[in-house]
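Q: Pasting a structure below so you can have a look.
The values are calculated or read from the model by the stated rules, or taken from the named source; none is laboratory data. Since this is a predicted model, take the numbers as computed values, not measurements. When we count neighbours, we look across all protein chains shown, and the Cβ atoms used for this are built from the backbone with ideal geometry, even at glycine. Protein only, heavy atoms only, side chains kept; ligands, DNA and RNA dropped before computing areas. Shrake-Rupley method; radii C 1.70, N 1.55, O 1.52, S 1.80 Å.
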Amino acid sequence: MRDLLLRGVRLIDPSLGLDLASCDLLLSDGVVAGIGSSLRPSAGAAVVERAGTVVTPAFLDVHCHLREPGQPWKERVANATAAAAAGGFGAISAMANLQPPVDSVPRLLQVVAKNRSWGRVPILQFAACTAGLRGQEPVEVEALVAAGAAGISDDGRNAMDQTTLSELLVRADSLEIPLAVHPEDERVLAMANEWAGSDPTAWSLRPAEAEEAAVASILRAVRETASKSLHIQHLTTASSVALVRGAKQEGLAVTAEVTPHHLTLDGFLRDPDQDDRPLTCNPPLRTRADRVALWEALLDGTIDAVASDHAPHEVPSDPLQKRAPGFSGIQCVLSVLLTDQAASAHLPRLIEALTVGPRRVMRRPGATLPEPGLVEGRPAHLTWFDPAASWSPATTNWLSVGANTPFWRRELPGQILATFSRGRAAYINRGLGEEIGLE
Ligand SMILES: [Zn+2]
């Protein structure tokens, strides 16, 4: 690939505490060859001057669902990782709730091999906590980590009791891997959905109390074990955020994430393209007051990371068929965040929650990812975007197989121009690529 000299970009690197209003950045042979002012282009370099554009370390998504192998009609690894790169992500973490789940070493090896041959960006693969995500028998954590698991999670389900969780936290601690929990207490959900069938992921009533009960019991397990491994997924309510804030003030080493949709949407959504059928996700969207609390918690550091919870599904053509809960969204994470009026004033904090925070959640992703930080001589692992540009998700530009997003055809601010992952261009915006002669 041609060398690339970016002139006058804003450089935000939270890992180094940097926010430079205007500087030049030279990429040569996949390496950051220069950072400074008035850099001289190397021979044959493409020189791009785009005032107001921003370069940051590549984003890391700690929570997405790839569906393959198992359900390729919902998503494919190649599509999800192309969408990730187009969303600014240089690496992602994939959950274990495939069909069947990743709860044994042979299954993990199969999934990791597919990830490696089909993925456009590196994939940190989670294994399950318990067999079949049923919350009963713990998996062989040590063997799974030795075989390449980056963390463990029963995400989608929350059926473990506190004793099993505590036991697994101790094992995760000795391996220095994250144990991520989907915080919806299934006993509380079961009471709300008395006659709704046996699959808790399909229950439609998901009260806030289920999340608050789960967060309280998770925090008890952390207190009891003094664990440093626990990560709480997709917080959605003001009360559970308050519990996490209190736990951090108390000195508990937990991390937490929030999704772009829980930060920016509330109430009950319907899809105008689909006979106004409901658009739902687990956990559900909450109230405006909850959203305000989530933003406060993101800005004050109670919440460490923004995670997509990319959950692609087919959209059934039969209007009587219920849509599976969840949104396909890894490609529009930054844009959805920027729809909030206050977001651009807090851009460095948002970038921190897409870079440094996710690395903290993953504990030691160093084996897969380059050192954090945009430093001369390191492989280019970075995201370049234009916060002033805009785009609309549509069939012509959407890369995920799943088009189940509430942002379909909405004009969204912010456009990713390029993503480099471990020294390679994982995504170049089409218009930019043509302009400067890069593929
Ligand atoms: Zn979940």
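Q: Which of the residues that make up segment 171-203 are within 16 Å of the ligand (Cβ to nearest atom) and open to solvent by 40 Å² or more (accessible area, probe 1.4 Å)?
A: Asp199, Thr201, Ala202
Q: Return yes or no: is Leu334 buried (at least 21 other Cβ atoms within 10 Å of the Cβ), in contact with a Phe, Trp or Tyr (Cβ under 7 Å, 6 or more places away or on another chain), in contact (Cβ under 8 Å) with a residue 12 or more places away in the chain and not in a loop (DSSP other than H, G, I, E, B)? Step through it out loud before you land on a result.
A: On the way: buried (at least 21 other Cβ atoms within 10 Å of the Cβ): yes; in contact with a Phe, Trp or Tyr (Cβ under 7 Å, 6 or more places away or on another chain): yes; in contact (Cβ under 8 Å) with a residue 12 or more places away in the chain: yes; not in a loop (DSSP other than H, G, I, E, B): yes.
Yes, satisfied.
Q: Now, a different point. What residue, of Ala210, Ala221, Ala226, is more than 14 Å from the ligand (Cβ to nearest atom), open to solvent by less than 40 Å² (accessible area, probe 1.4 Å) and either of a type in the set (Lys, Arg) or in the same structural domain as Asn282 (by TED's automatic domain parsing) (or both)? Spell out how you get there, then give the answer.
A: Values: Ala210 fails: more than 14 Å from the ligand (Cβ to nearest atom); Ala226 fails: open to solvent by less than 40 Å² (accessible area, probe 1.4 Å).
After ruling out the rest, the residue left standing is Ala221.
Q: Now, a different point. Among the residues in segment 332-353, are any touching a strand residue (DSSP E or B) at 6+ places or on another chain (Cβ under 6 Å) and within 16 Å of the ligand (Cβ to nearest atom)?
A: no
Q: A further question follows. Please name all residue pairs, on different chains or six or more residues apart, with Cβ atoms under 6 Å, provided the first residue is in segment 312-327 and is hydrophobic (A, V, I, L, M, F, W, C) and the second residue is not in a loop (DSSP other than H, G, I, E, B).
A: Phe327/His261
Q: Considering only segment 260-313, state which residues are within 15 Å of the ligand (Cβ to nearest atom) and not in a loop (DSSP other than H, G, I, E, B).
A: Within segment 260-313, Pro260, His261, His262, Ala305, Val306, His310 meet the criteria.
Every residue, every condition in (1) open to solvent by 10 Å² or more (accessible area, probe 1.4 Å); (2) closer than 26 Å to Val336 by Cα; (3) of a type in the set (Ser, Thr, Tyr); (4) out of contact with any strand residue (DSSP E or B) (no Cβ under 8 Å at 6 or more places or on another chain), yes or no:
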residue: Val32; (1), (2), (3), (4): no, no, no, no
residue: Gly36; (1), (2), (3), (4): yes, no, no, no
residue: Ser42; (1), (2), (3), (4): yes, no, yes, no
residue: Cys64; (1), (2), (3), (4): no, yes, no, no
residue: Lys74; (1), (2), (3), (4): yes, yes, no, yes
residue: Asn79; (1), (2), (3), (4): yes, yes, no, yes
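Q: Could you say whether any residue in segment 85-97 is farther than 13 Å from Arg67 by Cα, within 18 Å of the chain's Cα centre (by Cα) and part of a helix (DSSP H, G or I)?
A: yes
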